[in-house]
Every structure is written in structure tokens, then in C-alpha cells.
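A.B. asks: Sharing a structure with you now.
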Amino acid sequence: MIYLILIPLLPLLAFALIAPLTKLWKRKSAFIATAAIIASSIFSLMLFFEAVKKGGPIKDQDGSFWTANHHPITFNWSLPNWLPLGGSDSIDLSFSADGFTLMMLLVVTLVSVCVHIYSFGYMDYAGKYYQHEEKNLPRYYGYLSIFTAAMLIMVLANNLILAFIGWELMGLASYLLIGFWFDKESAAVAAKKAFLTTKVGDLSLFLGVLTLYGVTGTFDIPKILEFASSHDTNGIIGVAALLIFGGAMGKSAQFFLHVWLPDAMEGPTPASSLIHAATMVAAGVYLIARLHPIFSGDMASSVVSHIGAFTALFAACIAIARWDIKRVLAYSTISQLGFMVAGLGTGSVAAGIFHLFTHAFFKALLFQAAGSVIHGVHTNDMREMGNLKKYMPKTFMVFLVGTLALSGIPPFSGFFSKDEILLTAYYYGEHGDGWLPYIMLSIAAFFTAFYMFRVVYLTFFGKYRGHGHPHESPSIMTGPMIFLASMCLIPSFVGVPGKHGSWAALFIDPHPHHGLNLQVALTSTVLAVIAILLAKKMFLSKSNMPKIELGFFEEKNPVLWKALSKRLYVDEALQWSFVKPGAYLAEQVAWFDKNVIDGIVNRVAGFGDKMSSASAFIDKYIIDGIVNMFGSLTKAGHKFMKMYQTGFISGYLFMILIMLALILLTQGYWVS
């Protein structure tokens, strides 16, 4: 269908239109970019409803679920022989959409629309606050357009080469957005850190793609999955899966390649909203889900599930000790990505993708609400906030909705999607594959509710500890937030579990899933409620404290607080383990290159210079000298002979007589 090519093409064309004419468009660029992504979202909705129309609903005998179809409904668009590989082999420019691809299209386009509209208000404020003129707006909206287009290309790609192109375009666009205010040193450093860290994962992904091609002989995703379903996935396919997971670790910020994401907060807040919700960080999770059959081997599934669960717990712990509201949300994103990865690792594509779906909306909401707070108080530091529910009631309400969804409180969407993952991890342990993922995820869920309500109490309750007069954001910013808040409830209706799992899960994967487990659901809810009450006891009463006294927690637990505030020393460990040795090695290589390689080259060049000088001397004074000497002698002889070439017979007779006389004299001399 033509919609498949139009969905990524429109934002791509918006970028192509904005980029060369930045001085001309200025504020018009916002309307061009926004119109393009709105059109893409409309086409995505049309495809989604077309799939539902074609498929059903189809109900089981209990009437407990409905889905598009028990067989995948797909839409396809292809341009054959797009990239010749030599011989008869080639790669097609091919897009394909099935059930969960359509869900991803909705997530990416709807969240991107909200970000574009929200940016109308936020970038006006940011332009004044950071003293940037409106001439930077075309650059910003151009970056947003290429960023969204790259994610859409990757989602729709029907082969790994096209997916990799979208993947790399996302890396470039994220670098440009994180470093948007490149005259700030911290933003420039953060952009380079993000780019280089994710490139480590990208190298792993590239090797994984080549390994898969070597095994299967194709880059086409359907053919790869068909091959994996009929072959052992514990061998070389399992190795390829782990290499591809290395790429996902970079993009989706899994331990230990997570370090770039908190620093990515240096970019504009709306861009952070898009990065954390529906594009960059979602790409790794989506790739694992798309290629899930190759991860079915024991080794790959175990590595993915344990790294995901550990990342969820690790990041949740660090979020407790952040004072910057955006960095709390950044570590929250890392933690929730860990939930998704663990869900995929423990065997459920539906659980991982459903949480990705719900998380995209409430995390975009939370970042936009945080941006609204920053817009109102001109600081990111929660110690300089307080009582903002009085000054910013709309922002408070939507932030609370997002927090409840993230904390997993029913009936908000996060409860159903998180519960699916916990349930999958529970059965993963029950079937003898290990209880560690379930335990780590349960503890992470507890900490999630705790640190998010810490943010709520310190930001919106108590007394105002900042300067100036806080104010509510304009409607152009609160409007998208209200829409996103509604999306924190609407997906919950399709997430209500039945006998075989949630309706949303069945739209992603038509195969039966585990239904509701009351024990798991109650346990997670009780843990979340306890965490909220604990946060209330610790922080609500303290929210009346002056900024200077908010360090009560670190005073009681100095060692733990220092470790958490230092991010458990992971950045330092990476610095000492990889960055500093790498920098030292680079310095030594540079020294070797300069003093040894260049030294040898310079000496050879010096010797060559001297040899050329000697050669020039010999050529000029010896070779040319001899030639010139003969030339001079010839010339002198010519001049001498010319003296006697008078043209008179008498002169010639005189010369003959002289020559005869000389001959006779000479003969006489020798005879005597």
C-alpha cells in the first residue's frame, strides 16, 4: 500500500524542505514539520483501522478477548532490486506492517505530533531563556523531522539493511538534537558521549547482521525468522542474537551502555520527550521483538532477561538520589527499558511491546510536564521547587496521572503492561529458568513508585523554595499533555487481562498468553502502595524544609547516598576501564605515529632530499657540465672557423699556403 511509503517519506520531505532554506522559513518550519507528521499519523491510523476491519473482531468461546486476526494481517510496499549485491542477488526497498508494527506506528506518530505541537510553546520560552534567536527553529524542527522519519523507516523496514539505515539515521539525529545548544559545553560533550557510546552498540549490531547473513544467506527479516524457526538457535544464530542485542543495549540504554542517556538531558526537553518515549530508546526494544525467534535459545534468552532485569533495578536505585527532575525521568526511562527487555527475554513479545506502547505515552507526558515545570520556575533542581500544584494545577494533574501510570497503579495503563512483564517473569522462574529476573523486577517496581512520588512531593507539595513567581504553561503546551494523560487511561481498557492475556497483547501476538494471575497483580500493587506511603512519610513532611535542609536523607545514609549520587560509580568504572586506557592508548599511538612512523618517514624523506640535492649537483655540474663543455668547445670552434670563412678566393688560397707550410714544417721536424 502507498501509505507505507508515505508515512516515513512525509517527515523526510519536511526535513529536505526545511534544511536548505532555514533563513527563509524560520517559524514557518514549525508548521511544515508538524503538518508532515500529522499526515503520517493519519495514514498510520487508517492502516490500523483497516487491519481491524479486515480481521475481526474474533472472540474465543468465553468472549474474553478480541484481536485483528488469528493470522497476521500485513501490508506491503516494495521497490525491487533497490540495492544490487552482485550477480543475481539484490536488496529490495521494502516496507511491511503487521499487528505490532501498526501499534509502533501509532506510538511514534502520535507522540511525535504531541512533541511538535508542544514545541511551539516550549521553544519560544527556550529561545528567550537561552538567548537564542528564532533562526534556530528551522534547525530544531528539521532535526525532529529526520529523527521521526528514521524511526519510522526502521519500524517499517522489511530487511535488516534498510532497518540499519534507519537505525544509523536515528543516531545522527539524536546527536544533533542532544547537542542542539552546541555553544553550551555540557551539551556538546553530552552529544559526543551519546554518539560514541551508541556506536559501540552499533558495531555489535553490524557484526550481528553480517553473521545472520552469513548463516541465512539473506537480509530479509521474514526469511531470517523462517530460517530461525526451523534451526537450532543455540549455535551461531544465538551468537548473532547476542551481537544484535549488543546494538540494542546501546540504543535502549541497557547496563553498561546506559551512561549516555542521563546526559542526553542537555538537549531541549521536547526532544528528550521524543528520545525517551517513542524513537531512539524504543528502537533497541523493537529490534529484539522484531527478531524475537532468534533469541529463543537458552543462552540468548537468559542473557537478555537477566541484563534487562538488572538494568531495571540498577537504574531505579540511582533515580532515588537525583535532584534534577529530568535526570530522575532519564533513569526512570533506563529502568523501564530494562522491564521491556526482561519481558522479551523471558519469552513474551506481547508483554515487552505492550509496555513499550504504554510507556511511550506516560513518559512523553512526564517529560513534557517536567518541561512545563522548568518553564514555570526556570530551574531543573527540585530543591528549588515546591507547592507548584498551587501555581500550576494543570501541570500537577497531568504529572500525577503520568506518575500513577509509571508506578503501576490500577486502572492506569502502566499497571496492565508492567503486570504482563512481571507475570511473564514469574512463569519464567516457575518453569525452572530462574527467579532472579522476577525478584529484581519486583524490587525495581517498588523503587519506581518510591522515586516518582518523591518527585511529586518535592515538586508540587510543601512550600515554594525557589525564586520569582511560578506560572502555568500556555495552552499550546498543556493541550498535548492533556491528550497524553488521556492515553494513560485509554490503553488500559485494551489491556484488561482475560483468559489468554490482554486484548492489546493479542493484537501484537495472536498466540495464547497467560491470563490474569491475582497473586502477581496484588503483590505488585501492594509493593507500589507501600512505596508511595514510604515516600510520603519521608518527603511530604520534609517538603516544607528550606532547600539547605533537604539533605536530611544523605545525612542519615551518607555512604549509600554518595554511592547512589555517584551513579554507583559505573561512569567512573567505565572511565578507568575503557575511556582512560583508550585515551592513553590513543596518546601512545599518536606518539608512536609522530616520533616513530613520522620519524622514519621524515628520515627517509630527509635522505631522499639529500640524495636529490646530490643528484641535482651531479646532474648540473658534472653531467650537464660535460655536455655544456662539448657544446662550448663546439661553439668556440665554430667562432674560430667563422673567422676564416670570408668568402674570398684569395683568402682561401692564403690559408692553403699556410696549411702547406705548417705541414712541411711539421714533416721536416719529424723527419729530422
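A.B. asks: With +1 on each Lys and Arg Cβ and -1 on each Asp and Glu Cβ, how big is the dipole of segment 299-565 about its Cα centre, in debye rounded to the nearest 20?
C.D. replies: Details: 19 positive and 12 negative charges, 183 e Å.
Charge dipole of segment 299-565: 880 debye, to the nearest 20.
A.B. asks: Please give the helix 185-216 orientation as an angle from the longest Cα principal axis of the chain, in degrees from 0 to 90, rounded to the nearest 10.
C.D. replies: Relative to the chain, helix 185-216 is tipped by roughly 90 degrees.
A.B. asks: Still on this model: Helix 393-407 versus the longest principal axis of the chain: what angle, 0 to 90°, nearest 10, using Cα atoms?
C.D. replies: Approximately 90 degrees, to the nearest ten.
A.B. asks: Output the 0 to 90 degree angle, nearest 10, between the alpha-carbon long axis of helix 236-251 and the longest principal axis computed from the alpha carbons of the chain.
C.D. replies: Approximately 80 degrees, to the nearest ten.
A.B. asks: A further question on this structure: Over the chain, what relative contact order in percent results from Cα pairs under 8 Å that are six or more residues apart?
C.D. replies: On the way: 1092 pairs, mean separation 80.4, N = 672.
Over the chain, the number comes to 12 percent.
A.B. asks: What is the local net charge at Q575, summed over the other residues whose Cβ is closer than 13 Å to its Cβ (Lys, Arg +1; Asp, Glu -1)?
C.D. replies: So the environment of Q575 carries a net charge of +2.
A.B. asks: For F396, what is the net charge nearby, where nearby means another residue's Cβ is under 11 Å from its Cβ and Lys, Arg count +1, Asp, Glu -1?
C.D. replies: Working: positive: K389, K390, K394; negative: E472.
Net charge around F396: +2.
A.B. asks: Please get the size of the charge dipole for the chain, origin at its Cα centre, with Cβ charges of +1 on Lys and Arg and -1 on Asp and Glu, quoted in debye to the nearest 20.
C.D. replies: Numbers: 46 positive and 39 negative charges, 412 e Å.
In total the dipole reaches around 1980 debye.
A.B. asks: Which one, H431, S407, V373, projects farthest toward the positive side of the charge dipole computed for segment 365-438 from Cβ point charges (K/R +1, D/E -1)?
C.D. replies: Comparing the listed Cα positions along the dipole, V373 ranks first.
A.B. asks: In the neighborhood of W167, defined by Cβ-to-Cβ distances under 12 Å, what is the net charge if each Lys or Arg adds +1 and each Asp or Glu adds -1?
C.D. replies: Values: positive: K199, K251, R290; negative: E168, D202.
Taking every other residue near W167 into account, the sum is +1.
A.B. asks: Give me Y438, Y427 sorted ascending by neighbouring Cβ count inside 10 Å, so fewest comes first. Intermediate results must be reported in sequence, preceding the final value.
C.D. replies: Numbers: Y438 24, Y427 18.
If I rank by nearby Cβ atoms, fewest first, I get Y427, Y438.
A.B. asks: Using modelled backbone amide H atoms (1.01 Å from N, in-plane), which distant-in-sequence or interchain residues come within less than 5 Å of I91's amide H?
C.D. replies: W82, L83, L85
A.B. asks: Right, another one. May I have the convex hull volume per residue, in Å³, for the Cα set of segment 299-565? Before the final figure, lay out the partial values.
C.D. replies: Working: hull volume 30.1 nm³, N = 267.
For segment 299-565, the hull spanned by Cα atoms encloses 113 Å³ per residue.
A.B. asks: Please give the peptides 463-475, 576-588, 173-185, 312-324 ranked by average Cβ packing (other Cβ atoms within 10 Å per residue), highest first, as a rough proxy for protection. Mind showing how you got there, number by number?
C.D. replies: Details: 463-475: 15.0, 576-588: 11.1, 173-185: 20.1, 312-324: 23.3.
Ranking the peptides 463-475, 576-588, 173-185, 312-324 by packing returns 312-324, 173-185, 463-475, 576-588.
A.B. asks: When a footprinting reagent is the concern and you count Cβ atoms within 10 Å, what order do H258, H378, H431, H292 take, fewest first?
C.D. replies: Ranked by crowding around the Cβ, least crowded first: H431, H378, H292, H258.
A.B. asks: Given (i) 71, 32, 26; (ii) 52, 42, 29; (iii) 68, 30, 19 as candidate values of semi-axes √(5λ) of the Cα gyration tensor in Å, which corresponds to the one derived from the coordinates?
C.D. replies: (i)
A.B. asks: Could you go through segment 360-368 in sequence order and give the Karplus-derived ³J(HN,Hα) for each residue, using 6.51 cos²θ - 1.76 cosθ + 1.60 with θ = phi - 60°, rounded to whole Hz, and x for Gly and Pro?
C.D. replies: 4, 6, 6, 6, 4, 4, 5, 5, 5
Laboratory data are not the source of any read-out in this text; all were calculated from the coordinates shown. Values in this document were obtained by computation on a predicted structure and should not be read as measured data. Here Cβ is always computed from backbone atoms with ideal geometry, including for glycine, and neighbour counts include all displayed protein chains.
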